[in-house]
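J.: Provided herewith is a single structure, encoded as structure tokens, for subsequent inquiry.
The values are calculated or read from the model by the stated rules, or taken from the named source; none is laboratory data. This structure is a prediction, so every number in the text was calculated from the model and none was measured. So basically every Cβ, Gly included, is an ideal-geometry build from the backbone, and we count neighbours across all protein chains shown. All accessible areas refer to the heavy atoms of the entire protein, side chains included, with ligands and DNA or RNA removed. Shrake-Rupley method; radii C 1.70, N 1.55, O 1.52, S 1.80 Å.
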Amino acid sequence: MGKAKSTNLTATFDRELAGTSGNVPDWVHLLPLGEIKGRDGREFLLESPQVVVEAFNTAAVDLAVDYEHQSAKPAVGPVPAAGWIKELVATATGIWGRVEWTAKARQMIGAKEYRYVSPEIEYRQENRQITRLRAAGMVHRPNLHLTALAAQEDNMHANPDTDDDKSSTFIERFAVALGLPPQADADTILAALEKLLTRAQSPDPKKFVPVEAMAELLADRNARVATFTEETATRKVDDAFKRGYLTAAMKPWATALCRDDPAAFDEFMKTSAPAYAHLQKHSVSFNRPTFSAERHEGTQADDICAQLGLPLGSIKD
């Protein structure tokens, strides 16, 4: 006979989920690792939890958590969801799911009207290996020996395990704060914490620079910008002064304006006329006049007339 063809079947079995002091857990323990044996005698095997997680991620569809596996039965009307499984992770204790509960389900779990969850799985007939999680249902009769959704409270009497309970609650909350399932083991929690601390102490050099280096860089840039701005303002004001747009008394004001608001200075130049250009022209020549030998023989009055550009004889001795 030929080898039997691998066949995937489905099954559901009940199990308790994490929760303390009547709180409603966001992460629930859906499947343990290794050999799984229920109260009804059925046995399954989960050796590759990552396969189940990858199948969930590939499908990219939230899985429903309903009441009493109504979605797996012939529908007689609306089948309300108690919550939706948004994420699966594989840990040393098995597969955990992050559930987004409805308000009604939260109220019922908090009041202990429901305490257990039953995962619906897909498995291979020949070796009973679990290959996929199909859904889950809130139930009253658990098939597996796990923690209840709403754990029993006992605050009326002293309990020698009280400190341990508080410690366990703190560790679960600490694990969730690190982005882990509440039942993550100590090694997983420590690894996540060490990774977080390493990131904080060693920032990515491609994304960050030392404060001292940045301050020095900014100071150097500001100095160069200030020097360039001052030189540019001085050059533009000197040019405006030579062209008769400014007087000497106006230069300090114009330099400050050009340095602080170059656009305003440029607008001033556009709308102004070189009203002071005549001050830049010399009205009297400072070159020594040249005289011919004949004129040097004239009188002193003639020399003065020549220097002033007057006709000879205009001034009498």
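J.: Does GLY77 meet the test of being modelled with pLDDT under 90 and either surrounded by 11 or more Cβ atoms within 10 Å (Cβ to Cβ) or of a type in the set (D, E, K, R) (or both)?
T.: no
J.: With the structure loaded, tell me whether ARG199 is within 28 Å of LYS251 (Cα to Cα) and either at pLDDT below 75 or not hydrophobic (A, V, I, L, M, F, W, C) (or both) or whether it fails that test.
T.: no
J.: For region 43-74, name all the residues that are touching a residue at least 12 places away in the same chain (Cβ under 8 Å) and surrounded by fewer than 13 Cβ atoms within 10 Å (Cβ to Cβ).
T.: GLU43, GLU47, GLN50, ASN57
J.: Among the residues of region 234-252, which ones are in contact with a Leu (Cβ under 8 Å, 6 or more places away or on another chain) and of a type in the set (A, V, I, L, M)?
T.: VAL237, ALA240
J.: Separate question: Scanning region 80-103 for residues that are modelled with pLDDT under 90 and in contact with a helix residue (DSSP H, G or I) (Cβ under 9 Å, 6 or more places away or on another chain), which turns out surrounded by the fewest Cβ atoms within 10 Å (Cβ to Cβ)? Give the derivation first.
T.: Here is the first cut: in region 80-103, the residues modelled with pLDDT under 90 are 91-94.
Checking which are in contact with a helix residue (DSSP H, G or I) (Cβ under 9 Å, 6 or more places away or on another chain) leaves us with 91-92, 94.
Working: THR91: 18, ALA92: 12, GLY94: 21.
Per the stated criteria, the residue is ALA92.
J.: Right, something else. GLY77 fails exactly one of the following numbered conditions: (1) over 29 Å from ALA191 (Cα atoms); (2) outside any loop (DSSP other than H, G, I, E, B). What is the number of that condition?
T.: Unmet condition: (2).
J.: If you don't mind, there's one more thing I want to ask. Part of a helix (DSSP H, G or I), open to solvent by 50 Å² or more (accessible area, probe 1.4 Å) and at pLDDT 90 or above: is that true of LYS166 in this structure?
T.: For LYS166, the condition - part of a helix (DSSP H, G or I), open to solvent by 50 Å² or more (accessible area, probe 1.4 Å) and at pLDDT 90 or above - is not met.
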